[in-house]
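Working notes, beginning with the structure itself.
The values are calculated or read from the model by the stated rules, or taken from the named source; none is laboratory data. Here the structure is a predicted model, which means the values were calculated and not measured. Every residue, glycine among them, receives a Cβ derived from its backbone with ideal geometry; neighbour counts consider all protein chains shown.
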Amino acid sequence: MTAAGLAAMLPRSRCTIRLVESDEIGIVGVGEATLPPIKNFNDSIGIDEADMMRATNATFKLGIDFVDWGFEGSSYVHPFGIHGAADSGHRFHHQWLRSRAAGRDWSVEDFSFAIAAARANRFAFPASNKQAINSTFAYAYHFDASLYSKYLRRISEPRGVSRIEGKVRDIEQDPESGDIRALVMESGERIAGDFFIDCSGFRSLMLAGKLGVEWEDWSKWLPCDRALPLPTERCGDLTPYTRVIAMKAGWRWRIPLQHRTGNGYVFSSRFIDEDKAREELLQSLDEPTLAEPRLLKFQAGRRLSSWRRNCLAVGLSSGFLEPLESTSIYLIQVAIMHLLPLLPTRRHDQRLVDEFNLRMDVEYERIRDFLILHYHLNSRQDSELWRYCRSMDVPESLERKMHLFRHSGVVPQYKDGLFTPPSWLAVFLGQGLMPEHYNPLTDAMPLEQLLDELGELRADISDRVEEMPRHASILVRYANAAQPSDALLHEAEMRL
Ligand SMILES: Cc1cc2nc3c(=O)[nH]c(=O)nc-3n(C[C@H](O)[C@H](O)[C@H](O)COP(=O)(O)OP(=O)(O)OC[C@H]3O[C@@H](n4cnc5c(N)ncnc54)[C@H](O)[C@@H]3O)c2cc1C
C-alpha cells in the first residue's frame, strides 16, 4: 500500500521507489476486513472498484455485528453510518431517548439505514442526494489481503516501483548522524537510499531493530495476545457485515468473502491455553475448514514514535491493535496520507518528524480507547477475562467520554482521528451504557410531533431497505470474482 500510494502520487522525477520483500518470509496476510476510508485510498490511486473486488474476491461491508459482547445473548451492529435522518445531527439520539422516556420501545437500530440494510443482507451504493435517507451510510470491503497486495503490485510496477526480492541481512547506519544509509541483502547487494520506510511487519527491522525505538505496551487494557486464523468454505448467504462473537477468553471473527469465509479466534493467553482455544474455535465453526489454524503471537501497543531520523514505520512495524474494529489497514493508509504533506525535502527535519508522530499518536490513542470500550463496558458473568476487563482502570481520555455519555448523552466530537460520534454512539448503546438524561433542548418540540417524525423515519428506512438488492446478487452483477468477464455495471445504475 505504501509503495502503491507513493508511486501514484509522487512525480517520478522526484524520487525512485524500491520495494524490498521476501517471498520466503511472506506477509501476515490475515487482514480481511476494512473500513470506509479504504475506498478513498483506492480512488486516490486510480483503482477501479469492481476490478479490485473481482481480483480480491471481495464483498461489501456495512458494519460489524457484535454478538454476545455487552452480555451473553446480545447483538448490536456498529454501522458505517449515522442513526437518524440525514439532517438529524447530534439531535437524533436525544430524541430517541425522549421517545423511550415517553414509553416507546423502539430499537435504536431501526433508525440506522446501514444497520437495517446489513441485517436484511442487502446492499446498494449510497445515494448522491445528501438529504436522502439512503445517503446516510458509507461502506468498506471484506477482501483477501494477499490478493489485494498482489493487485497493488500489478498496478505499481508499471508506475515505476521496482521490487527487489530477497532477505535483508543487515542495515547500514551513518555513525555520525544515526541515519540509515543502506540495506544489505543476503545476496550481498547493497541498497542505498535517502529515506527508508519500514514495512517489515512485527519484526520492525529498521525502526526498532536498528534505531531502537521503544515499545509502549497496552496489554493491561487490551489483554488479547494470540490469534488462530483459519479459512472455511464459503458461507451460504453472504452478509454485508463482519461478525465478531465474544468468547470466554476473547472473541472470534467471521468474514464472508466470495470464495471462502475468514475465521479466527483472538484470545488472551492469560485466560486460556492454545489447545483449548483451538478446540473452542473448531467447535464454533459453521462451515467445513479449508486449512489448519496457525498461531500468531502479538502484544497490543505501539512504537513510541513511528518516524525517527530518516526512517518511518508503516503498518505492524509501528504498532499493533487487535483487529476487532478492522483498524490496521486504516492505520497503514493514514500513515501514508499523513506522510504525503510532510515529505522531507532534505535529509532531516525534526519538525516534520514531530508533526507526523503527533498525528499518529492521535490516531493510535483514539483507536485504543475505542477498542478498550468494547471490553470494559460488559456485564458478562461467564469468565475471568470479562470480569478483569470490567473492573480494570481505563485511560482518563476514555473515562471522560464514558462519563459525558452516561450523565448527559454527550458524545464528544474531535477533529482528527478515526471513529466519529455515530460510532461511539453505536458502541455505547450496544454495550449497554444508557444515558441518564437526554438534552433538555429536545423538549422544544411537542412530544406528539417528535413521536410522529420518528415513527415515519423508522417506516421509511424499513421500506427503502426492502427495495434494495440482495448483497449476493449485487456482487454477481457488479464484481463477480468467478466470472471476471461479466458485464460491468456502473455505480450510477446501482443506486436506488
Ligand atoms: C489475527 C490478525 C487479524 C487481522 N485482521 C485484520 C483485519 O481484518 N483488518 C485489518 O485492517 N487488519 C487486520 N490485521 C492486520 C493486518 O494483517 C496488517 O496490518 C497487514 O497485513 C499489514 O501488515 P504489514 O505489511 O505491516 O506486515 P507484513 O504483512 O508482515 O509484511 C511484512 C513484509 O516485510 C517483509 N520482510 C520482513 N522481514 C524481512 C527481511 N528480513 N527481508 C526482506 N523482507 C522482509 C515481508 O516479506 C513482508 O513483505 C490483522 C492482523 C492479525 C494478526
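Annotations for the structure displayed:
- The criterion of at least 2 residues that are surrounded by fewer than 17 Cβ atoms within 10 Å (Cβ to Cβ) is met, among helices (runs of 4 or more DSSP H) falling completely within region 378-447, by 384-391, 396-408.
- Test: residue 430 is small (Gly, Ala, Ser) and over 30 Å from residue 266 (Cα atoms): no
- Inside region 223-275, residues that are outside any loop (DSSP other than H, G, I, E, B) and free of Cβ contacts under 8 Å to residues at least 12 places away in the same chain make up a count of 1.
- Region 168-200 - residue that is buried (at least 16 other Cβ atoms within 10 Å of the Cβ) and near the ligand (Cβ under 10 Å from one of its atoms) and, of those, farthest from residue 302 (Cα to Cα): 185
- In region 133-152, the count of residues that are at positive phi, of a type outside the set (Val, Ile, Thr) and at pLDDT 95 or above is zero.
- Single match in 181, 254, 203, 243 (criterion: among the charged types (D, E, K, R), touching a helix residue (DSSP H, G or I) at 6+ places or on another chain (Cβ under 8 Å) and at pLDDT 95 or above): 203
- Tally of residues being within 16 Å of the ligand (Cβ to nearest atom) and either among the hydroxyl-bearing types (Ser, Thr, Tyr) or in a loop (DSSP other than H, G, I, E, B) (or both) across region 304-360: 10
- Scanning region 1-40 for residues that are within 25 Å of the chain's Cα centre (by Cα) and small (Gly, Ala, Ser) returns 3, 4, 5, 7, 8, 26, 29, 31, 33.
- The condition (being more than 12 Å from the ligand (Cβ to nearest atom), of a type in the set (Lys, Arg) and assigned to a loop (DSSP other than H, G, I, E, B)) is satisfied by just one residue among 54, 14: 14.
- When restricted to residues that are within 13 Å of the ligand (Cβ to nearest atom), part of a loop (DSSP other than H, G, I, E, B) and in contact (Cβ under 8 Å) with a residue 24 or more places away in the chain, region 17-51 contains 13.
- Subset of region 248-260 [surrounded by fewer than 22 Cβ atoms within 10 Å (Cβ to Cβ) and either away from the ligand (no atom under 16 Å from the Cβ) or of a type outside the set (D, E, K, R) (or both)]: 248, 259
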